[in-house]
Every structure is written in structure tokens, then in C-alpha cells.
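The structure appears right after this line, and notes come after that.
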Amino acid sequence: MPAFTVEGQSWSSPTGFAPIKVQPEAVEPQSTIGHDFIANALPQTDDFTQIANFAPSVMVVPTGVPGAQESFTSAIRGFQDGQYNVTFDGIPFGDTNDFTHHSNNYFTSQMLETVVVDRGPGTAATQGHATFGGTIALVSRSLSDVGGATFSQAFGNFNTSATTASFSTGRLATFGNARAMFGWDHMETDGYQSYAGTRRTDYFFKFDRHLGAANLITFVLTKSELLMHPTAGLTLAQLQQYGPSHGLNNDPTSQAYVGYNYVPKATDFEYVGFQHRTEGFHFTDKVYSYHYDNLTRTGMDLSGETPNGTTIGGPGNQDVPGQIQPYNGYRAWGNILRVGGDVGQIGGWKAGLWSEYQKNTRYGHNVDWTLGGAYDELPSTPGASLNYFMKNSITTWQPYAEFDWKPLPGMTIEPGVKFISLRRQIAAPVNQKTGLPLYYSKVYSTTDPSISVNERINRSWSAYAQIAKGYLAPNLNFFYTADPSASTVSPQETTNYQTGVGYEHGPVTFSFDGYYIDFNNEVGKRKIGNNTIFFNQGGTTYKGVEVEGAVSVGKGLSLYANGSINSATDKQSGDPVPESPKDTAAVGLLYHFHAALATFVTKYVGSRYGDTGRTIPLAGYATTTASVGYSFEHPLPHIAELKVRLSVDNLFNSTKIDDLAGYTPVSNTAMYWTIPNRSYLLTVSVAL
């Protein structure tokens, strides 16, 4: 039977389960964080950003108990969420308006086999809206040839509870040797900040079956339901008065009342994939869809600066003002087609097409919470409470072609070209910001070439070099004007250069790379109250070096370390780009021998500025994640394995300021996030 590249295959490394694996054929730096590390070194509630955080040049700022609240900032080499891709089994996904991602939606760590942090622009075959910033590639759980079931229950501080269950069919001989897996998990927590609780339930199903000797069909379905009470950061005065654990309150006269601030969300993601592979030819096609619902309720100003009072409450009233988003949902439908083959001894060819249509509807009102959330409008002015009512869509086409040329033994030169077309359309009876109607569409397109060289120096060493163009169409917010056709906003464009080496021999794995990225027309953002403001930063330059390595000491003990020195500056002023740390580092001790395991991993994020003009200086900080566990083989009849594990996040309980949360809407006072308090989970799991 021909070999297949099946999503979710487990990986092994001579350095145990350290999050590094050198691919000799790689053309850019990658950190592969495998299931062993995810399942044994990290809290089981972690989301994909917190898993990716241990790679070089990655910075993630969580805002609550691991996996409960969305990560406020997530960056690779200083590129913010929306400037890099996130894929699931090779399928790019993201929001309609600004290409960002919701870290605690769609997928949990229980659904993932590996998380690959690819820190380069990729080749022409790399699909997504923002390839220049890299890719966080999520790979779904692998299917087992052996049937079984696993159950786990975890308890932690902040009244945290996490339950998981998974069932595997193994190979079904009576059904063409098909395999299937079903997973379920549920988490509840009060959160480390006051009244900032979260509750979520997730479902996962995966199936595959061979159709003849050369074909494989795969089906994956995920579904998530979540309810969270998000907070908004604290000013320095509030931090001093209340402490970092202050969030919402239980006062119905306050705009920060827990009953006025909650967000129910629902997501699903599904695809059907078909693979065909014969000698010298391969064909892959995936038809997919994903959906996101966000029904936000919030007070008008959680900082406390905006006084109470509403229109319908009458003169001098103290009614609590707020906002609701009764509906904000999008659905995407897409297809990824990839074909390729060999051309004798000189190399091979690849071609493909990513096509997607995504449609979003959203509307929002000002409300009076004291009057039960009534729209804040008088009978004489119907519709005055409506802030926006819009339908928008994006249509994406990305065909590509590549050629793998092997001019010399061990050398591969890979030139390629990708055409990008994105059509953004809006139909808004009430447009956001302006309040005016707008019906408009615009097509953004370009051709992005790339070329890479990989040299397999010997069995242990490999080297690569790469040049690639990058592109990102403007966000929806640039349509929030009376006449978008008069806008001078251009797409974001980059030229990426990078080179590196990789080494893997015996117990040692090592990689080193350097990069230089010339960025034209970068777009920045800052948050003021409930609104995110986007602005043009102009030309910027990103450059740096990254190193990553691991060594197996023996007897199950591995040492892991990585580091980066990063620079992102404005071409005109020389000022640092906001939210771009000067350096990052991680160091870990990983022990897994027979029945015992223990991990100790520290992540460091260097100093940076939270805003332009060298304002809002943010000091560097470090956090440590640790875990210890033991496995009991066949402790009872019909129980194959019993595991007990204690994991601790932020082991040393640092509560330093770690990010700018935004500004208050009245006095423009800076608000901050702090490192969430120490949290722990005691997990007991049983495998049947």
C-alpha cells in the first residue's frame, strides 16, 4: 500500500519530547510541539497559543486561567495575530473583518496531535491571508489502529474543573479497515479575576478509510460552545487599589457588573479530505466549512470613567448604559486542491488552488441595563440605539505553482509563484463608525514569487536560504468611512529574506536561523474602551536571529532551550514597532522514564513598548510551567493504565504587568494586563 501523509501522525525525536524536530528538507525554521509535550508538560486546558508560546520569537499574553479567556496578544517575531496564518490540518481560517483568531474557540489541546510554529513566509504552496508572518499549524489527533477509551478528570484552584473522554474504534475489519475517534471535553472555572468565569464544552470526531490501494478519505468535525465573562484590564490606580485579581463585580449599578458582561460563543469546523497517491503522482483535495457566533453583552465602560445615564432613563438618571451585539456570525466555505508529481531525476512539480467564500452579518445596539437591556432610544427616534448593521463578505482565490529542481545530489531549488485575489464586499444600512449606509466592494490582488534552496550537507547537517514576497489585503475597518474609494490605504506588502542551518545526530538536535523582512505600509492597532482603532505605521523593518536546541542526557532526561534576538523598527523614526519584544527565550528540563514524568519549562519575553513613539514601556518577564506525574500499568482488571499528574502554571506566582490592555475612553488613561496568578490542575486519567 502506498505511503500517505495523514494528518495527526505522531512524531518521535532523539531528544525525547522536547518541542523541536529538525526536518532535513526544511526551507524555514520550525518548532514542532508534539502530543507528548502537550499532554504531559502543559495544563490540559491550554489553548493553541499557549502551546505555541514555547517556540522561539513567540509571545503570548494570556488574560486568565489557561484556556479560559482569549489571549490578548499573540505574536511571532513581533507580527501580531492577523499578520500570520493559523491552519487546521492545512486549512487556513480566521475572522472576516481582520483575519485574527479566537484562541479559546474551535479547538482544545485534547483535539490536537501537534502544533507546528513555522516562522517563515513559506513557499508558493503555503496558503493563507498573511503568509509573511509565519504559520501556526494545528494538526488534529492521530487515529489509532487499536480500539480503546480514555477518561480524565481534573480539579484546580479558582474552582476549575476539566473533564475529557475519548473513544477509538481501532481498525474496523468489517468496514474496509476504517478508523474513527470521538472526543468530548468540558471545562468550568471561576477565573483568577473576580467574576471572570468561563464554561465551555467541545466535541471532536475524526474518521478515515482507504478506498483501494491508492486512496484515502478523511472526515473531521469539531464543535465548541462557550460562555465567558471577559474583563478589560486595569489602570495603575486600580491595580494599586484593588490588586491584579480585580475584574468584574456584583454591583448591578456598575457598568462592570458580571450580569451585564458575558459572551456566549458557538463554533464548528468540518472538512472532508481525499488523498490519492501513486508512483510519481499525488492528488489531495479538502472541502471544508467553519462557523463562528459571538453574542456579546457588555457595560459601556468597564474602566469606570463613563458616568451612568441613558437616553430612555430620562434627565438626571443613573441607569447603567451598555452595549449588546445580538448577532455577529460568519460562515466560511472553501476548498484546497493540491496536485504534484515527479519529473524524472531532475525534481518534481506542484500546483494547487485555495478558494474560499466567507460571509458575516453583525449588528449592535446601545442599551439600558437597568431597564433589562432595553434599546436606548426614544419612541420618537426609532433606530437611534443602532450602532451598526452590516453584512460583509470576502472571496479568496490563491492558485500557485512550484517546481522542485535538484541540480546536484542533496540540493533542491524550489522556485514558485502564487497569485492572490481577495474581494471584500460590504452591504451596510448602518455602517460602523459613520452610521451611514454603504454598499461597496473592492478587489485586492497581487502576484507573489518565492525561491528557496535546501542543501543536505551530510546525514546530520542541512542548510537553507529563502526569498519570498508577502501580502495582506486591508481589514474591513478601512471600509468604515463615508467613501472608501477615496482612501489611500494600500495592502501590506513584505519582502522576506532568511537563512538557516539544522543539525540532528544521536541525542542532539539544533537549529539556527537569521531573518530580514522589509515591510511596506504596516498597519497597527490600539484599543480605546470597547473600540479597536487601526492606523498606518508606514514602512517597517524586522530582523533577528533565532536558535533552538535539545539534547537527550539519558535515562529519560532531556534538556531544551531556545532564544531569539528580535528587532522591529519604523523606517522613518527608528522607533520600535509596538508589541515587538527585543528578545525571547525558553529553557526546560523534561523527564519521562518508564512510569514517571516531570517537566520544568520557563518562558522569557523581553522588554518592549506597548504603543508608538516609545510610549508605554513594558519590562521583560518570565513564567514557569511545571508538572509531575506517574503512570500505573493495569492497576485493576479492565483498566490498562491509570495516570495521575499535577501541572502548575506560573509556578512562582509572578503578577507583574505583562501588556498594555488599551486606554480608557474618557481620559485616555493606559490600562494593563498582569500575569495571571498561579494556577494548578490535578488530573486523574484512566485508559481502558
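A few comments on the model shown:
- Scanning residues 5 or more positions from TYR257 or on other chains, those with amide H under 5 Å from its amide H are ASN249, with H placed 1.01 Å from N in the peptide plane.
- When the C-alpha to C-alpha distance is required to be over 32 Å, the pairs from LYS223/LYS543; LYS555/LYS603; LYS433/LYS571; LYS265/LYS603 that qualify are LYS223/LYS543.
- Taking amide H atoms as placed 1.01 Å from N in the peptide plane, the amide H of GLU522 lies under 5 Å from those of GLN537, GLY538, GLY539, THR540, each 5 or more residues away in sequence or on another chain.
- Mean Cα-pair separation over length for the chain, i.e. relative contact order, pairs under 8 Å, 6 or more apart, %: 13 percent
- Applied to the stretch 375-391, the Karplus parametrisation 6.51 cos²θ - 1.76 cosθ + 1.60 on θ = phi - 60° returns per-residue 3J(HN,Hα) values of 4, 7, 8, 7, x, 7, 10, x, x, 5, 7, 6, 7, 6, 8, 9, 10 Hz, with x for Gly and Pro.
- Estimated FRET transfer efficiency (TYR497, GLU633; beta-carbon r; R0 45 Å; 0.05): 0.30
- Straight-line cross-link reach from LYS350 at under 22 Å between alpha-carbon atoms covers these lysines, not counting any fewer than eight positions away in the same chain: LYS286, LYS406, LYS418, LYS469.
- Per-residue HN-Hα couplings for the stretch 683-688 [Karplus 6.51, -1.76, 1.60; θ = phi - 60°; Hz; x = Gly/Pro]: 10, 10, 10, 10, 10, 9
- Intensity falloff of the stretch 30-687 expressed as log10 I(q)/I(0), Debye formula with alpha-carbon point scatterers, at q = 0.08, 0.10 Å⁻¹: -0.62, -1.00
- Cβ-placed point charges (K, R +1; D, E -1), dipole of the chain about Cα centre in debye, nearest 20: 460 debye
- Segment ASP342-VAL272, length gained on full extension (0.36 nm per residue, minus Cα span): 22.6 nm
- Theoretical gain in end-to-end length, PHE167 to ALA427 [0.36 nm per residue, Cα-Cα removed]: 89.1 nm
- Computed 3J(HN,Hα) for the stretch 248-256, one whole-Hz value per residue from the Karplus formula 6.51 cos²θ - 1.76 cosθ + 1.60 where θ = phi - 60°, is 9, 9, 10, 10, x, 8, 9, 5, 9, glycine and proline marked x.
- Between TYR327 and LEU589, the FRET efficiency estimated from the beta carbon spacing at R0 = 41 angstrom works out to 0.25.
- Distance between modelled label sites at THR201 and SER441, nm, 7 Å Cα→Cβ extension: 4.0 nm
- Alpha-carbon centroid distance for the pair the stretch 314-358 / the stretch 17-81, whole angstrom: 21 Å
Read-outs throughout are calculated quantities, based only on the coordinates presented, and are distinct from any laboratory measurement. Please read all numbers here as calculations on a predicted model, not as lab measurements. When we count neighbours, we look across all protein chains shown, and the Cβ atoms used for this are built from the backbone with ideal geometry, even at glycine.
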